[in-house]
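What follows draws every value from the coordinates through simple rules; no lab data is involved. Everything quoted here is computed from the prediction, not taken from an experiment. Because the Cβ atoms are built from the backbone with ideal geometry, glycine has one as well, and the counts that use them run over all protein chains shown.
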Amino acid sequence: MMAKILEIENLKREFIVGDETVRALQGISFSVHSGEFITIMGSSGSGKTTLLNIIGCLDTPTSGTYLLDNVNIRQLNRNALAELRNKKIGFVFQSYNLLPRTTAIENVELPLFYDRNISSKVRKEKAFEALKAVNLENRAFHSPSQLSGGQQQRVAIARALVNEPVLILADEATGNLDTRTSYEIMALMQELNKRGRTIIFVTHEPDIATFSQRTILLRDGKIQSDQVNCNMQSALELIAGLPKADKI
């Protein structure tokens, strides 16, 4: 069996709002093995965002256990959390979060600047390889304004890959894209998963969830269901049935 990348047990997160205690997460338990591709779904108020922040080491739980690559995040201070986040997790956001006045390759390089042992030459090489992995090496020296939405998201995915993290964490990464471009991004995610990448994809769209191997559904701070997608769809096959469009 593949190693566990993520282990969560009886995770709770509470917030004090005035005189009330808001229980955003109420005893969440699940694990993710190396090489899995899972989606986490949930409507507004389900606890999805709170869980995402904890998985991404942007927040810590009130109680319970969260191990990321065998490291207990509740035992880490803020600086240690930031270092773990940079080394272990690659983030992909809905709004791309690219720097507008820098080129694609410079955006991809950004996570590597935190490692003083990596030279400028090696940074460029790693960033270019990451762009090749998302089939965007021919746009390496274009600025975000010269790229389509799908191309900008590919740059964001390359940036998430450049540090070779143990986990890719995508937050509504197709939310700003049209149907065809969304499916093309999911086809890329499926390809990266086939190459061994572990992916957690947070979405509110049921059709996007069908491209993963497994779906966890949250409701009212609890796991309502955790199911293997027996009829996992191929994004490439769906794209083939859509009208022709400009390639992203």
Evaluate the Debye formula for the stretch 54-195 with equal point scatterers sitting on the alpha carbons, no solvent, and hand back log10 of I(q)/I(0) at q = 0.12, 0.13, 0.18 Å⁻¹, in q order, two decimals. -0.50, -0.59, -1.04
Wrap a convex hull around the Cα atoms of the stretch 19-84, take a quarter of its surface area, and give that in square nanometres. 5.6
For the chain, the Kirkwood Rh over every pair of distinct alpha carbons, in Å, works out to 18.8
Would you kindly state how much longer the chain becomes between E191 and Q224 on full extension, computed as 0.36 nm times their sequence separation minus their alpha carbon distance, in nm to one decimal? 9.0 nm
Peptides 198-207, 29-38, 140-149: what's the order by average Cβ count within 10 Å, highest mean first? 198-207, 29-38, 140-149
Please report the spacing between the Cα centers of the stretch 2-18 and the stretch 157-220 in Å, no decimals. 21
Could you give me the percent of Cα pairs per 5 Å distance bin for the stretch 56-123, shortest bin first, beginning at zero and ending with the bin that holds the maximum distance? 3, 14, 21, 19, 17, 14, 8, 4, 1
Qualifying aspartates and glutamates (Cα of each under 17 Å from Cα of K12; at least 8 residues distant if same chain): E20, D59, D220
Under unit Cβ charges (Lys, Arg +1; Asp, Glu -1), what dipole magnitude, rounded to 20 debye, does the chain have relative to its Cα centre? 600
What are the ³J(HN,Hα) values, in whole Hz, obtained from phi via the Karplus relation 6.51 cos²θ - 1.76 cosθ + 1.60 with θ = phi - 60°, for each residue of the stretch 63-76 in sequence order, with x given for Gly and Pro? 7, x, 10, 9, 10, 10, 6, 6, 9, 7, 5, 5, 8, 9
Given pairs K87/K194; K88/K121; K4/K88; K48/K124 and cut-off 25 Å on Cα-Cα distance, the over-length ones are K48/K124
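Helix-only estimate, please: 222 nm mean residue ellipticity of the chain, summing -39500 (n - 2.57) across DSSP H runs of length 4 or more and dividing by its residues, to the nearest 500.
Value at 222 nm, helices only, nearest 500: -9000 deg cm²/dmol.
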